[in-house]
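Laboratory data are not the source of any read-out in this text; all were calculated from the coordinates shown. Being a predicted model, the structure only gives us computed values, none of them experimental. Quick reminder, even Gly has a Cβ in these numbers, built from the backbone with ideal geometry, and neighbours come from all protein chains shown.
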Amino acid sequence: MWANKAISGYPNWPVGHAVMGSIEFHNSNYKKSIGYAIKSLELKESPLAYYVYGASSYYIKDYKTAVITINRAIKLDQSYLGEKEAMLMQSYSLANIDEFKHAYAALNTLVKHNANISKKDIHGNIQEIDKLEKKHNKTLN
């Protein structure tokens with residue numbers, strides 16, 4: 001694989017580690033993906049590495065880390081605000097750490113920043129967040 005060869009030959013190349021993290025993410029190797037993302041971030045901050053770290057964290061249900069790292073990707077690259085997968089993972093991660101107000105806000109931000117997504121398109125996502133919130137509220141009673 002070219003990316004693996006690239007980081008073998010250039011171990012201090014952050015982009016190579018971020019790309020390897022992305023490849024491992026797409027192969028569902030989330031812990032390996034996180035390792036590559038962290039290595040990339042140790043070398044240089046990048047929105048891609050933070051996104052890969054956040055997405056992988058989401059899939060291993062480390063929602064707090066997902067929120068933090070996706071936020072860092074957004075701070076470095078505002079285009080993630082309109083990236084469907086990033087904002088859905090952000091919204092569900094926020095809901096899973098009981099930050100429901102922010103979970104809904106993430107969905108609204110997605111609509112605001114992506115001209116191809118409407119309120120109607122996220123209606124099902126809002127309903128899923130509603131269910132999580134109701135479940136949370138039942139456990140408090």
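Quick notes
- Between the Cα long axis of helix 30-43 and the first principal axis of the chain there is an angle of about 60°, rounded to the nearest 10.
- Relative pair counts by distance (%), Cα atoms of the stretch 2-140, 10 Å bins: 13, 39, 31, 14, 4, 0
- Under 14 Å of direct C-alpha separation, and excluding same-chain neighbours fewer than eight residues apart, LYS135 reaches these aspartates and glutamates: ASP98, GLU99.
- Above-threshold pairs, the threshold being 26 Å between Cα atoms, out of LYS75/LYS119; LYS84/LYS120; LYS39/LYS75; LYS75/LYS138; LYS84/LYS134; LYS44/LYS101: LYS75/LYS138; LYS44/LYS101
- Helix 84-96 and the longest principal axis of the C-alpha atoms of the chain enclose an angle of approximately 60°.
- On Cα atoms only, tilt of 123-140 relative to the major axis of the chain in degrees: 70
- If you take all other residues with their beta carbon under 14 Å from the beta carbon of LEU88, and give Lys and Arg +1 and Asp and Glu -1, the sum is -3.
- The Kirkwood radius of the stretch 45-104, taken over pairs of alpha-carbon atoms, gives through the Stokes-Einstein law at 37 °C and 0.692 mPa s a diffusion coefficient of 303 µm² s⁻¹.
- Charge context of LYS134, other residues only, Cβ under 13 angstrom, K/R +1, D/E -1: -1
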